[in-house]
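The values are calculated or read from the model by the stated rules, or taken from the named source; none is laboratory data. Quick caveat, the model's predicted, so the values are computed rather than measured. Neighbour counts run over all protein chains shown; Cβ positions are idealised from the backbone, glycine included. Just the protein is used for accessible areas: all its heavy atoms, side chains included, with ligands, DNA and RNA removed. Shrake-Rupley method; radii C 1.70, N 1.55, O 1.52, S 1.80 Å.
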Amino acid sequence: MRDAVDLAARLVRIESTNPGTYEGCVGEFICQYLEEAGVKPEKSLVVPGRFNVRAILEGEVKHPALIFICHMDTVVKGNGWDVKAFEGNVTDGRLVGRGACDMKSGLASALSVFAETAEQIKRGDIKLRHSLMFIGTVDEEGDMRGVEKVIADGWVTERDWIMDTEPTDGQIQMSHKGRTWFELSAQGVTAHASMPEKGADAIAGMAEMLTYIRRKFAHCPVHPELGRSTVTFGQIQGGYSPYVVPDSCQVTIDMRLVPPMDTKQAEEILKAAIEEGRQQVPGVKGSYRITGDRPWVETHPESVLLGELKKAFKEAVGKVPKVSAFPGYTDTAVIAGRLKNKECISCGPGSLKQAHKPNEFVLTTEIVRCQEVFFILVKNMLTEERAM
């Protein structure tokens, strides 16, 4: 078996921050790694200088295929590091560095298994019943344009078994909260602060709107697995002087929605909030626009991939892991939402609690464990071993 820990360390040493250096160099490294394994990769340009990578091991059946999809970018280095962020050192059983956890260790586990499978096919040891695919995406830590291009290019279908290798704390994670983003604006009328009744305070109107939204979210239905819908007001700006009644205010809103709450219902709350602001602060008007709309994804117990992944864990480590919800939003969640694919799963080494933090790390035993699970998954789902 290929050394996934060493591969992960090599990937960490190639900076691919977003924003920053981006994914070009790590994408080229992956292409070279695949070519050395006898596989010809292909690239798909997403935006200038940033490309997705794909490689396919063709089986007798093209779809459904088993697909490993891994993002190649990381968040920026940030402050607070006690070690160098891009040295990829292994110390006391930990691989440390930016992207070690999110998600170059998962990428290494999947890529090494893909390359190992390619070499076994070349030697004639195995034959694939279904195709195996590796996809490396850009911009997952940004606007997720990479996976959107994957869908547009037809690299994935609604029938495929698709797994990203995000850090999942030793669990299998399938469901995701939806992620809807709004920009909410309030418009008022300026006046001297000594005579506020002559104007319309846009910030005061916004305060009424936000209070209304928070009050409504406190009473949203609770989902048995995903929990409660949440709302966060990430950024706010308004006014231009302490002695002038402000005539504008803008807020960015992050909503994480759970069934049955959806973007349409969230819009109704915003419309009602704007009306509340208008009534409480006469003269204030409001408007909004949707800047992001990702639907929620539920767990599908009948999933073929879910069942096979449980079996692979049982064979590799002797027990079946917990099936839970992924706290954030992933490439597979985009695919599940866009294509209504019920075979999308997150599973990889490391803990999301370490992601994006200074001194980011992953246990090397986790990398090895996931590599073994993925190899068994490929063997059980796709291959026919030759008689020796």
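Details
- Of all accessible heavy-atom area on the stretch 1-44, the percent that carbon and sulfur account for (1.4 Å): 47 percent
- Per-atom-type breakdown for the stretch 227-303 gives carbon and sulfur 51% of the accessible area (1.4 Å probe, protein chains only).
- Accessible area of the chain divided out per residue, in Å², using a probe of 1.4 angstrom: 44 Å²
- Given their separation in residues at 0.36 nm each and the Cα-Cα distance between them, residue 232 and residue 254 gain 7.4 nm when the chain is fully extended.
- Descending principal axes extents, the stretch 133-175, alpha-carbon based, whole Å: 32, 27, 19
- Estimated distance in nm for a label pair at residue 357 and residue 123, the labels positioned 7 Å out from Cα along Cα-to-Cβ: 4.0 nm
- For the stretch 91-191, the carbon plus sulfur part of the accessible surface works out to 43%, probe radius 1.4 Å.
- Listed by chain and number, the lysines whose alpha-carbon sits under 19 Å from that of residue 127, ignoring those within fewer than 8 places in the same chain, are 40, 62, 379.
- Distant-in-sequence amide H partners of residue 228 (H built 1.01 Å from N, under 5 Å): 223
- Here the extension length gained between residue 79 and residue 36 equals 11.8 nm, from 0.36 nm per residue of separation less the Cα-Cα distance.
- Size estimate for the stretch 45-196 follows the Kirkwood approach: the inverse of mean 1/r over distinct Cα pairs works out to 18.7 Å.
- The structure-derived value of mean projected area of the Cα convex hull in nm² appears in the list [x] 21.4; [y] 19.8; [z] 23.8 under the label [x].
- For the chain, the antiparallel share of DSSP beta bridges with both residues in that region comes to about 75%.
- Using distinct alpha-carbon pairs, which all enter the 1/r mean, Kirkwood radius of the stretch 308-388 in Å: 14.8 Å
- In summary, the aspartates and glutamates within cross-link reach of residue 271, defined as a Cα separation below 15 angstrom excluding same-chain residues under 8 places away, comprise 183, 208, 262.
- Of every Cα-Cα pair in the stretch 23-93, the percent that sits beyond 13 Å: 76 percent
- Fluctuation leader among 18, 79, 359 - the chain, Gaussian network, Cα springs under 10 angstrom: 79
- Radius of gyration, Dmax [the stretch 286-353; alpha carbons; angstrom]: 15.2, 58
- Estimated dipole of the chain in Debye, rounded to 20 [Cβ of Lys and Arg +1, of Asp and Glu -1, Cα centre]: 480 debye
- For peptides 155-167, 346-358, 243-255, sequence by mean Cβ density within 10 Å, most packed first: 155-167, 346-358, 243-255
- Sequence-distant residues sharing a close amide H with residue 244 (under 5 Å, placed H): 193
- A helix-only calculation puts the chain at -10500 deg cm²/dmol for mean residue ellipticity at 222 nm, using -39500 (n - 2.57) for each DSSP H run of at least four residues, averaged over all residues.
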